[in-house]
Each structure stands twice: as structure tokens, then as C-alpha cells.
Amino acid sequence: MSAVGQLSAASQTPAPPPPRSGRRLTAYLLLLPGGLWLLLFFVVPLVSLLAASLYDPNGSIEDGFSMTWSFGNFADTMADYARPFGRSLWYALLTTAFCLLLGYPLAYAIAMKAGRWKNLMLALVIAPFFTSFLIRTLSWKLLLSDNGFVVDALKWLHILGPDGRLLATTAAVVTGLTYNFLPFMVLPLYASLEKIDRRLIEAGGDLFAGPLTTFRVVTLPLSMPGVVAGTLLTFIPAAGDYINAQLLGTPKQRMIGNDIQRLFSAGAYPTAAALSVTLMAAIVVLVLIYVRRAGTDDLV
Amino acid sequence: MTSDLVLEGISKQFAGHRAVDNLDLTVPAGSFFALLGPSGCGKTTTLRMIAGLEEPTTGTIRLGDDEITGLRPYKRPVNTVFQNYALFPHLDIFENVAFGLKRRKVKDYKPKVEEMLDLVELNDYGKRRPGQLSGGQQQRVALARALINRPQVLLLDEPLGALDLKLRRQMQLELKRIQTEVGITFVHVTHDQEEAMTMADTIAVMNGGLIEQLGSPAELYDLPATTFVANFLGQSNLIRGAIIGQADENLIVDVQGRKVLVPKARCRVTEGEVWLGIRPEKVFLAPAGTEEGDGVNQLLGAVVTDVSYVGVSTQYLAKLPWGQELTVFEQNTGARDTFRAGDAVDLHWRPAHSFLLDAAQDALAGVEDVE
Ligand SMILES: Nc1ncnc2c1ncn2[C@@H]1O[C@H](COP(=O)(O)OP(=O)(O)O)[C@@H](O)[C@H]1O
Ligand SMILES: [Mg+2]
């Protein structure tokens, strides 16, 4: 195995020779296009967003905004928008949980049991991406509509009362989010499950662990990178989403994205920017805590 | 407490391919048993069936009086040292070794793990991850992880295959020492005939899903039963001949007009065409025309075509009048003549050093499989 090579390489590697200036120049040249791109389309907008969040909130598009370093914007917006803000994080959490519950068995089945159907099943997971996010969510709106067959069927089964509806409920929004973000959970999970050496699972069996125990102490811990990546890729965009809440919910299911979008359209830049920055900061902090914990063994 | 491992009529059929073919095998309790054969001959498949990782298509596997053929792997008193070790990368060395005991809910496992790490001389490495160890160390962890469970049978699948030559020789001795110390039955799979010979009490030589021959290293080397074994275990000279009669305890074989004797007990066939086999170190060279006493087999009129001096011995190629070249190893004792290319020589050997095999077998079987 390569481990031998790795180890001896690690212990014997002499200090790397100083890179020749030509090589270094090549490295910088290779970084240049991506760096410029990021500068132009990430750093500049980010700085301008941060700046906007500190403008005088009384300004308007017509009169212009002046930079007043209004840190109060954050406290004010949080006071006004605490509920949709909390709701966003809560919906994102629910979405992530459902995606994990649905996605793990699916990814496991594709990686471990699908055999020659593997590629087809992966293609099916990705298939929804062939239509736009918006169209798919609109289709859900039709599917869940009050006269749709789903509602009819559930009423007939008495799961839903005679006045019951699916559209315009929390369930509809979370279902839509779950549907839309499921592939982002499945793909990284699949990638990390697929990578697991089958002999490790066999070794578990050989060392007196039944199938469930082997899953708990071998497969699951080894798939944690996929779990972490999948939950991040689901949680982060779900927390900022507004399409699902807008199309499948009512103002009662409003998420922070809806407010940000509305405020930006209405020209309330400082408020919208302050909300965006707060959301971003909240997500960064949550992700950092999460990744820290996932990096240690206590998440397992 | 350990019992014999018995395989009866074991076959394994993969899609369109028979990997193991009607195998019968008894591994005596407490022995160091080697399954030797070239790559692809079905060794791993056989081992996996014993471990329960593969289901035999036909046949039964017993451990003493218990039939274990259909038992799930985690219910068998058998552990495996996997090819390339399969150590759990997310667990440290201590946890890797403790794995089996913990699964069996052994209470006081810590001192046992320490003791086992002691046995494989890795006490200071408990907190490291497998990726931080060298190949030889990983190999010892794999051994400790399996051995700590005191299985009735320990299965080792080419456990030394990934190590360099020097480390491999060292680990061979180590494994042998540990096996003697713990007294557990070892079934050791290898394609390295030297490894099998130095370590095993009993060797089963496998080829194409079948057992060609089973016996102690000395038995197999001294009296191979097939051309494959003759070539795969060490080297052999195989000369075409025909049985033309018998004299006392010997068969008389005609080789290109010259009569040679082979003891009946060393003959696999009793009539017709044969391969006459002699190991290179059992053949001697003498200057052409040298008189040999009675009871010595001789082939005359050979010419030395190649000489390679390798210190302790010299390897000659001697071409017989009908064109076949024989390999001859002479120890450099200083007591015997040395020869040069072009010298005319006679070849001789003791009848008890030769053997007869069925001429229907391929004289080159197993030659190209040796590494
Ligand atoms: N799961 C499998 N499916 C199909 N063929 C297999 C499988 N495992 C092994 N084989 C085939 O069976 C033969 C024996 O394999 P193996 O037991 O691994 O040989 P060895 O360990 O002696 O090198 C090989 O020809 C191999 O290709
Ligand atoms: Mg093998």
C-alpha cells in the first residue's frame, strides 16, 4: 500500500528546495484570472454590501444614501425582523434534517447496493437540474394546489380534513425546500460512501460486528465528511432561500430572504443590506461551530 | 480447545468462472498451514469462504464438529488479516486492536490490548492513526487486531505481500514466533514459495482452483506430484523418457537410448511416457568419459553452454546431445572440478534423487508463475 511510501517520504523528505523565481511567477500567473474574478464579483460587492449596511437608513434612491456609520441599523432590523430571521434558520434546519433522513439511505443504496444501476440512479438524482429551480417550484405549487389530486387523495384518505389544504402551509414550504436541496445532500454523501473501502466493512464483520454495529462504528464515521458537506450545502442555501416561501407559502411562512428581496426592491438598501450581513454572519458562525464539532469525534 | 478445519467439496462459481473447484482440505489444529499458488488461482476466494465473506457454491466447512458453512462472518471463531490490512483509518491503533473485544462486550479489554500491542512491539503507538505507521507496523497492527480475539483459526491473506524483501524476511520469522507462542491455527495465503517453505508446517499448492499437492515443505520439494509443483516450488529438470521395465525396487526408464533407474516409490506412473525429474543441485557434472560406479544414473555426451558463478555455488547449463539444456547447481566446496563453457561433460545423479511424473502434464507448468 502507499502508506509505506507516504511514511518514509514524510520522515525523509529534506527541506524543499527554494522555488526558483520562474516557478513562483507561474504560480501567480495561474492564480491571476481566478483572483481577478473573485475580486471583481465577490470582494467588491461584499464591501459595497457591508458599506450599504452602514448607510443612513433615512436615505432613499432619489436623494441618495450617505455613509453615517449607522451601526444601529443592525439592532433596528433585528428588532423588526427577528421572527422571519428565526423562521429561516428553523426551516433550513428542518430542511437539512429531512434531506439527511431521505438522502442518506438513498446515497447509501446507490453507493453500496445499486451495482450496474449506479450511474442511472445518479443521473436520476441530478435529472431535476435540467429544468430551472423556479419552474420546478411552480410545479410543486400546482401539485399541492387545493384542487390538485394530492389534496384530493389525502382528503379521501381522511388524512386531511374537508377544509384542509397543503399549499400555503409550513409543510409546503419545507417540503419544497427539501425537494429542491435534496441533490445537494445526496451527491456529497454518495461521494464519501462510494469512497469507503469495502474491506473495512468486511473487516467489521470479521471482527464480530453485526451489520448494524458495523454501520454505526465503521460506515457512518467514515461517511462523516459527506454528512458535513451535504448538511452545509443544504443548510446554507436553504436559510437564504425565498422562492419556496414565496410560491408555496403565505406571509406567515415568510423567510428572511423574502424580506431582503422586498426591501431591496423597495429601495430600502441600508435595512436590506444590514439583514443580509446579519444572515451571512449568523451562517458563518453556525457553520464554524458545526465544522469545529464535526472535526472532533463527538459528532460521531 | 482448537479443532481441525475441514473443507469438503468446496467450490465457488463466479459469473462464468469457477474460482475454486471441488476442494478437499484438512487443516490440523494448531498448525501453520500455507496455501501456496500463483496469482488468480483461488487462494483469496478460499480464504474468504472460510471467513464467511463469500458463500461457497457447493460443499461444507467444518471446525471440529461444528459446521460453519452458512454462519455469518461475525458469528465465526475465525479472524482475518486482510491483504493490505484494512485497518480502520478513523480509529487509533489502540481502538483498532480493541475493536473485536469491544464488539464482544469483553469487560476488561484494556490490559489485553496493551498485552497484545506488547506482543507485536507497538506499545508506544496506541494513540497513532494507521496512516501514521509504516507498512511493517500496519502489518503488525492487523495481526494484533485479529489475534487478540484468540480465534480458532487465523486467516492471513498475503500478509507480507506489501513489504519490501528485508522486512518480509524479518516478519516471516516474527509471524512464525508468534504462531508458536499462541498456538492458534494459521492459514497463510501466499504466492511466494520461499515464504511458504520457511514458515509452514504444511503447504497446499493450489493451481487453477485445485489443490495440486499437500504436504510438508520437504516432502513437496523432494517428491513433487505434478510438473506444476516441480516447477513452482524451486526448479526442476524434466527430461522426456519411457518406462521399459523394472528391476527390484526400481523402474527402468529409457532416455534417448540410455537406461536410468528410478525407485518405484518415487514414480507417479508405472508405464508409458514419463517426465523424469531431477533437482538442479542433485545433478553432478564430470569430465566426459569418467567412470561412475553401479547404481548411479548417467547421461553422456553433454556440453557446458553457460556458467554463472554466484559465490556459494556455480550454475551451469549443460546441453544434451538431443538439444535439451539441463540446469546444474554445484556447491563451491573446492573439492570438485569446475568447468568452462564448451567443456564436454557427463551428467550423473543418484536414482533416489529423481522422480517420475505423468508425461501428459505440461513440462512448463508453473515455470512462468514463479516470481
Ligand atoms: N467477486 C468476484 N467476481 C468474479 N470473479 C472473481 C471474484 N473474486 C475473484 N474472482 C476470480 O476468481 C479467481 C480467483 O481469485 P482469487 O481467489 O482472488 O485468487 P488469488 O487470491 O489466488 O490471487 C480469479 O480469476 C478472479 O478473477
Ligand atoms: Mg489474493
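The values are calculated or read from the model by the stated rules, or taken from the named source; none is laboratory data. Just so it is clear, the structure is predicted and the values come from calculations on it, not from any experiment. Here Cβ is always computed from backbone atoms with ideal geometry, including for glycine, and neighbour counts include all displayed protein chains. Side chains included, ligands, DNA and RNA excluded: accessible areas come from the protein's heavy atoms. Shrake-Rupley method; radii C 1.70, N 1.55, O 1.52, S 1.80 Å.
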Candidate set from the stretch B:184-222 (those that are closer than 9 Å to residue B:36 by Cα and part of a loop (DSSP other than H, G, I, E, B)); member that is least open to solvent (accessible area, probe 1.4 Å): B:192
Scope the stretch B:28-58; condition touching a helix residue (DSSP H, G or I) at 6+ places or on another chain (Cβ under 9 Å), part of a strand (DSSP E or B) and more than 16 Å from ligand 2 (Cβ to nearest atom); matching residues: B:32
Hits in the stretch B:1-27 (condition: farther than 25 Å from residue B:179 by Cβ and part of a loop (DSSP other than H, G, I, E, B)): B:15, B:16
Filtered residue count, the stretch A:192-211, keeping only those that are charged (D, E, K, R) and more than 7 Å from chain B (Cβ to nearest Cβ): 3
Test: residue in the stretch B:59-81 that is touching a His at 6+ places or on another chain (Cβ under 6 Å) and within 16 Å of ligand 2 (Cβ to nearest atom): no
Yes/no for residue B:14 being in the same structural domain as residue B:198 (by TED's automatic domain parsing), open to solvent by less than 60 Å² (accessible area, probe 1.4 Å) and either without any contact (Cβ under 8 Å) to a residue 60 or more places away in the chain or within 16 Å of ligand 2 (Cβ to nearest atom) (or both): no
Criterion (more than 16 Å from ligand 1 (Cβ to nearest atom) and open to solvent by less than 30 Å² (accessible area, probe 1.4 Å)) met by exactly one of B:82, B:99: B:99
Count of the stretch A:110-126 residues which are in contact (Cβ under 8 Å) with a residue 12 or more places away in the chain and among the small types (Gly, Ala, Ser): 1
Count of residues meeting criterion [closer than 15 Å to residue B:73 by Cβ, not hydroxyl-bearing (Ser, Thr, Tyr) and not in a loop (DSSP other than H, G, I, E, B)] in the stretch A:183-214: 11
Counted residues, the stretch B:59-105 - those being charged (D, E, K, R), in a loop (DSSP other than H, G, I, E, B), farther than 23 Å from residue B:188 by Cβ and facing another protein chain (nearest Cβ under 10 Å): 3
Residue pairs meeting the criteria (Cβ under 6 Å; at least 6 apart or on separate chains; first in a helix (DSSP H, G or I), in the stretch A:78-93; second open to solvent by 40 Å² or more (accessible area, probe 1.4 Å)): A:84/A:254
Residue check for residue B:320: crowded, with 17+ Cβ neighbours inside 10 Å and over 12 Å from residue B:348 (Cα atoms): yes
Which listed residue is at pLDDT 95 or above and under 26 Å from residue A:222 (Cβ atoms), from B:82, B:99, B:32: B:99
2 or more residues assigned by TED's automatic domain parsing to the domain that holds residue B:231 and open to solvent by 60 Å² or more (accessible area, probe 1.4 Å): qualifying strands (runs of 3 or more DSSP E) within the stretch B:268-314: B:297-309
